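K.L.:
For reference, the structure I am asking about is given below.
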Amino acid sequence: MLTLKGEKIYLRALEPEDLDFIYNVENDEQVWEMSSTQTPYSRFLIKEYLENAHKDIYEVKQLRLVISSHDHVTLGLIDLFDFDPMHNRAGVGILIVEKENRSKGYGAEALELIANYGFTHLHLHQLYANIAEDNMTSIKLFENRGFTKVGVKKEWNLVKDVYKDEFLYQLIYVH
């Protein structure tokens, strides 16, 4: 699908072979703050999840895609979540796993590809992102892709005994 192929990366569906990758991501405590996770996932649960990953976004209200380089290196994940076809909106989240692969344009290209896919194929009117106040990398990424900060959720997330604000960003499709 050309919509999901860029200059540096492409977005692909989850495969059974992604079990170890997803297992490692979901059990990385450094990622838990961004995903509001507090407990580890078993290989069994992730295997079950992968077996159901083919389900339609209209049914499960989410879509998770792998960010892959053209030489087939798995770089990260990008998700559409809380898909709402009635109001034509979805949340978007992104993770480039290895630090050495960050700030190379992969995330920006993945965000552009998923936005184009959402607006073109899912007929979304808007995408939104929830970003922790101190996640400057994500703030810069989303702002550079045209997302606008529209709100602040005060003391929204409790992280290591400290309440942190969370910013709400939106990208509204202009016809």
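The values are calculated or read from the model by the stated rules, or taken from the named source; none is laboratory data. Owing to the predicted nature of the structure, the values given are computational and were not obtained by experimental measurement. Using ideal geometry, Cβ is built from the backbone for each residue, glycine included, and neighbour counts are taken over all protein chains shown. Each accessible area value is taken on the protein alone, full model and side chains, heavy atoms only, with ligands, DNA and RNA left out. Shrake-Rupley method; radii C 1.70, N 1.55, O 1.52, S 1.80 Å.
K.L.:
To check you understand DSSP bridge types, tell me what percent of the beta bridges within the chain (both residues inside) are antiparallel, rounded to 5.
P.N.:
Percent antiparallel among DSSP bridges in the chain is about 90.
K.L.:
Could you do me a favour and compute the accessible area per residue for the chain, 1.4 Å probe, result in Å²?
P.N.:
61 Å²
K.L.:
Further question: Quick one: what are the phi-derived ³J(HN,Hα) couplings along the stretch 109-119, Karplus 6.51/-1.76/1.60 with θ = phi - 60°, whole Hz, x for glycine and proline?
P.N.:
5, 4, 5, 5, 5, 5, 5, 4, 4, x, 6
K.L.:
Carbon and sulfur atoms: what percent of the 1.4 Å accessible area of the chain do they account for?
P.N.:
Here it works out to 51 percent.
K.L.:
A follow-up question, please. Below 26 Å, Cα to Cα, which lysines can LYS5 reach? Residues fewer than 8 away in the same chain don't count.
P.N.:
LYS55, LYS61, LYS99, LYS104, LYS140
K.L.:
Which cross-chain or sequence-distant (5 or more) residues have an amide H under 5 Å from the amide H of ARG102, H modelled 1.01 Å from N in plane?
P.N.:
HN-HN under 5 Å from ARG102: empty list.
K.L.:
Ok, one more. Can you give me the distance in nm between label points at LYS8 and GLU100, each placed 7 Å from the Cα along the Cα-to-Cβ direction?
P.N.:
1.6 nm
K.L.:
Hey, rough spin-label estimate for ILE172 and GLN62, points 7 angstrom out along Cα→Cβ, what's it come to in nanometres?
P.N.:
Going from the ILE172 label point to the GLN62 one covers 2.8 nm.
K.L.:
For the stretch 56-175, what does the alpha-carbon gyration tensor say about shape, rounded, prolate or oblate, given a ≥ b ≥ c as the root eigenvalues, a/c under 1.5 as rounded, and a/b over b/c as prolate?
P.N.:
oblate
K.L.:
What list of ³J(HN,Hα) couplings, whole Hz, do you get for the stretch 14-25 from phi and the Karplus terms 6.51, -1.76, 1.60, once you set θ to phi - 60° and write x for glycine and proline?
P.N.:
5, 10, x, 5, 7, 3, 5, 4, 5, 4, 5, 5
K.L.:
Using mean Cβ contacts within 10 Å as the protection proxy, how do 19-29, 105-115 order, highest first?
P.N.:
The peptides rank, most packed first, as 105-115, 19-29.
K.L.:
Here's something else I'd like to know. For the pair HIS125/GLU51, report the inter-label distance in nm, with labels modelled 7 Å from Cα in the Cβ direction.
P.N.:
3.9 nm
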